[in-house]
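Below is one structure, written out as structure tokens; the observations come after it.
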Amino acid sequence: MVSANPRERARMFRNTMPRYEILSEQAMNTLDGGWRRLVSEIGVEFGSGRALELFRQAGQKVEDGLVRFDPEFVLEQVAKAPSGFDLQARNPANTVHIGGDGMAFGAVYGPPFVREGNVRRDAKMADFENFARLSQVFSVLDSAGGVVCEPEDAPLDSRHLDMTFALQTLTDKIYMGNVVSGENARDTIAMTEILFGGRDTIEETPATISLINCNSPLRWDERMLDALFEYCAANQAVVVTPFLLMGAMSPVSIPAALAQQIAEALTGIALAQLIRPGCPVVFGSFLSNIDMQSGSPCFGTPESAIGLLATGQIARRFNLPVRSGGGLTSSQTPDAQAGYEALMTMLPTFLAGINWVMHSAGWLEGGLVASYEKFVLDVQVLEMLQHEFTPLEIDEASLAFGAHDEVRHGGHFLGAAHTMERFRTCFYRPFLSSSENYERWVRGGGKDAAARAAEIARAKLAEYEPPPLDDAVREELTEYVTRRRRELGD
């Protein structure tokens, strides 16, 4: 019998439901021809001398920062990447597998602003720490992510140290590495070595997963590539992700965007395998469209859902783990629009069987804002979807023939033995939704979902207890952060 306890269910969750496949074999073959033409005729730009030299040594056509690839070479390199890998957490119970039927979920990534109630303001380090605490408390989240928000009150040159320290100490789940520069990546790796007891330990089983974004269209820039070199050399997982907003960073047609996405992702993955053959990679996708009237990004659109479903199918064709999806919305507040747009992205995320899901909780206003209320709303949706996509177990007990034998014709099952044995756990009970009658709801303040979510966020933060961490490890991490902050001039 599937557990009704959300914490137990989240820990055992695997999406083994059949994947929804949107592309025919003919369509897949057409896309195959499309990306091959892009990489061989148009080429991909790499803003790194080291990357260009590796490609030159491998026999690819390199000229003025542009690489024109033999598609077969790209496929040979991609084939070296594992189809899945374990990502260790400092609490072994929170270690996850990326690939196959596993799905892992991280919080929002990157917003410079925070929304709490009716106030939209610059993000602070205290907010970053609070979102890390919420990520630890809610069992359906496997990670706080990386840059959960961008704390403007922490010095720019050293804030990556503070953020990594918070992820390592306030949570015992997996976390993402900093990718602003190669130096920041080296700091993340060094702190991870301290936390996990040495370089050998994290090279044997990766302990970080980091987002390497393509500067679409068809360009990998130097900063991201510097971070890629550091993480791949240390055998840490990288999520190689084209950033495509159709109409701006790619053509407006979905097939064109998909072909470009394949070209960008596979060439980035090929570089990762040249750096260290067999290093863990994820086929990344961030694909949506712009509003053709205003030019603003749009999220939760039908086009983004189609692209997401197609991406899952494409990544499986290359035998790679895949990242996409999330609780994305363009809405400025945690309202009905935020809810339906987030579900328009998260439902196809499950249907596509996405392995690594960023932005699962807290995303608001096109990713500019991390919202406390939206964080809780998204967790509620995530819990319900995990319950919905847990395979149904059908056995003699669940068929409940004895209950029919007891109740017989025209009776009711409220007092049946089968019901009495199971009534506490037989149905999923949402922690946020209200099913009260109108009068009782009014007496309780007439609160909508956003107001209830705010109360839950405050209560969860008040209940939070930090996971245990060895004092010697904490002290070594603190000393490292202090020394590096001084060296960086902050």
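Just a few scattered comments:
- Gln313 fulfils the conditions (1) open to solvent by less than 10 Å² (accessible area, probe 1.4 Å); (2) polar (S, T, N, Q); (3) under 19 Å from the mean Cα position of the chain (by Cα) except for a single criterion, (1).
- Residues of the stretch 218-236 that turn out to be open to solvent by 10 Å² or more (accessible area, probe 1.4 Å) and over 20 Å from Val78 (Cβ atoms), as a count: 5
- Residues satisfying the stated conditions in the stretch 321-336, i.e. crowded, with 24+ Cβ neighbours inside 10 Å and farther than 12 Å from Ile354 by Cβ: Gly327, Leu328, Thr329, Pro334
- Complete set of residues in the stretch 47-74 that are open to solvent by 30 Å² or more (accessible area, probe 1.4 Å) and either modelled with pLDDT under 95 or part of a helix (DSSP H, G or I) (or both): Gly49, Arg50, Glu53, Leu54, Arg56, Gln57, Asp64, Glu72
- Of the residues Ala403, Ala457, Ala462, the single one that is open to solvent by 80 Å² or more (accessible area, probe 1.4 Å), modelled with pLDDT of 95 or more and among the hydrophobic types (A, V, I, L, M, F, W, C) is Ala462.
- Note on the stretch 370-400: residues that are acidic (Asp, Glu) and surrounded by 18 or more Cβ atoms within 10 Å (Cβ to Cβ) amount to 3.
- The numbered conditions (1) crowded, with 16+ Cβ neighbours inside 10 Å; (2) of a type outside the set (Phe, Trp, Tyr); (3) within 21 Å of Pro242 (Cβ to Cβ) are all true for Asn15 except (3).
- Counted residues, the stretch 85-123 - those being at positive phi and part of a strand (DSSP E or B): 1
- Single residue of the stretch 280-290 satisfying the filter (among the small types (Gly, Ala, Ser) and in a strand (DSSP E or B)) that is nearest to Met28 (Cα to Cα): Gly284
- Leading residue by the ranking (most open to solvent (accessible area, probe 1.4 Å)) among those in the stretch 136-171 that are under 26 Å from Ala450 (Cβ atoms) and of a type in the set (Ser, Thr, Tyr): Ser139
- Among the numbered conditions (1) of a type in the set (A, V, I, L, M); (2) in a loop (DSSP other than H, G, I, E, B); (3) more than 15 Å from the chain's Cα centre (by Cα), the only one that Val148 does not meet is (3).
- Taken over the stretch 172-189, the residue count meeting the criterion of being open to solvent by less than 20 Å² (accessible area, probe 1.4 Å) and either farther than 16 Å from Asp157 by Cβ or β-branched (Val, Ile, Thr) (or both) is 9.
- Boolean, Arg133 is without any contact (Cβ under 8 Å) to a residue 40 or more places away in the chain, open to solvent by 50 Å² or more (accessible area, probe 1.4 Å) and not in a loop (DSSP other than H, G, I, E, B): no
- The residue that is farthest from Thr169 (Cα to Cα), among those in the stretch 422-473 that are of a type in the set (Ser, Thr, Tyr) and not in a helix (DSSP H, G or I), is Ser435.
- Residue within the stretch 50-60 that is under 26 Å from Ile306 (Cβ atoms), aliphatic (A, V, I, L, M) and either in contact with a Leu (Cβ under 9 Å, 6 or more places away or on another chain) or touching a residue at least 60 places away in the same chain (Cβ under 8 Å) (or both) present: no
- Being among the β-branched types (Val, Ile, Thr) and either open to solvent by 60 Å² or more (accessible area, probe 1.4 Å) or in contact with a Lys or Arg (Cβ under 6 Å, 6 or more places away or on another chain) (or both) is a property that Thr419 lacks.
- Within the stretch 250-299, considering residues that are more than 27 Å from Glu72 (Cβ to Cβ) and of a type in the set (A, V, I, L, M, F, W, C), the one surrounded by the most Cβ atoms within 10 Å (Cβ to Cβ): Phe286
The values are calculated or read from the model by the stated rules, or taken from the named source; none is laboratory data. Because the structure is a prediction, the values reported are computed rather than measured. Methodologically, a virtual Cβ is constructed for each residue, glycine included, from the backbone with ideal geometry; neighbour enumeration extends over all protein chains shown. For the accessible areas, the whole protein counts, side chains as well, though only heavy atoms, and no ligand, DNA or RNA atoms are used. Shrake-Rupley method; radii C 1.70, N 1.55, O 1.52, S 1.80 Å.
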